[in-house]
1. Exactly one condition in (1) part of a loop (DSSP other than H, G, I, E, B); (2) surrounded by 16 or more Cβ atoms within 10 Å (Cβ to Cβ) is not met by residue 143; state its number.
2. Could you run through the range 1-54 and say how many residues are in a loop (DSSP other than H, G, I, E, B), modelled with pLDDT of 95 or more and under 24 Å from residue 88 (Cβ atoms)?
């Protein structure tokens, strides 16, 4: 029972944190919220972006708005989290994004190596093709095009291993 109370208290705190960030956004604007998140040694930014990457919808919604700020470090952190989220809740990320933002969010994560990058890009392309709404939607098609471009034009080069010669 104590564990259940602890989990609900943690969830309530997370909701309070997002609500506080939303209020700060309404009062002071995007750049003030990003400065606030960065002023706590990156811990607050990291915690917020973990929620975004995990597709917690209120966090994703807020991250899309915060990614429109001016602070480069904050933009990079939010962009990375939104790229992670677009693999699990692409429809939501794309619905909130401006058409010009879609290629930025439909891209690979910096932490992926070439093999993981190729696998994940192919998985995400297949997920868009399998989703009737995304497949028929211009935003879904834009996202797929961004993934295809990256698959064919970036460091994602997966070559077959040379065959060992036998003497």
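1. Failing condition for residue 143: (1).
2. Here is the first cut: in the range 1-54, the residues in a loop (DSSP other than H, G, I, E, B) are 1, 29, 40-42, 54.
From the residues that got through so far, the ones that are modelled with pLDDT of 95 or more too are 29, 54.
If we keep only those that are under 24 Å from residue 88 (Cβ atoms) as well, we get 54.
Residues that pass the stated criteria total 1.
The values are calculated or read from the model by the stated rules, or taken from the named source; none is laboratory data. Given the structure is predicted, the values throughout are model-derived calculations rather than measurements. Positions of Cβ are backbone-derived with ideal geometry, glycine not excepted, and every protein chain shown enters the neighbour counts.
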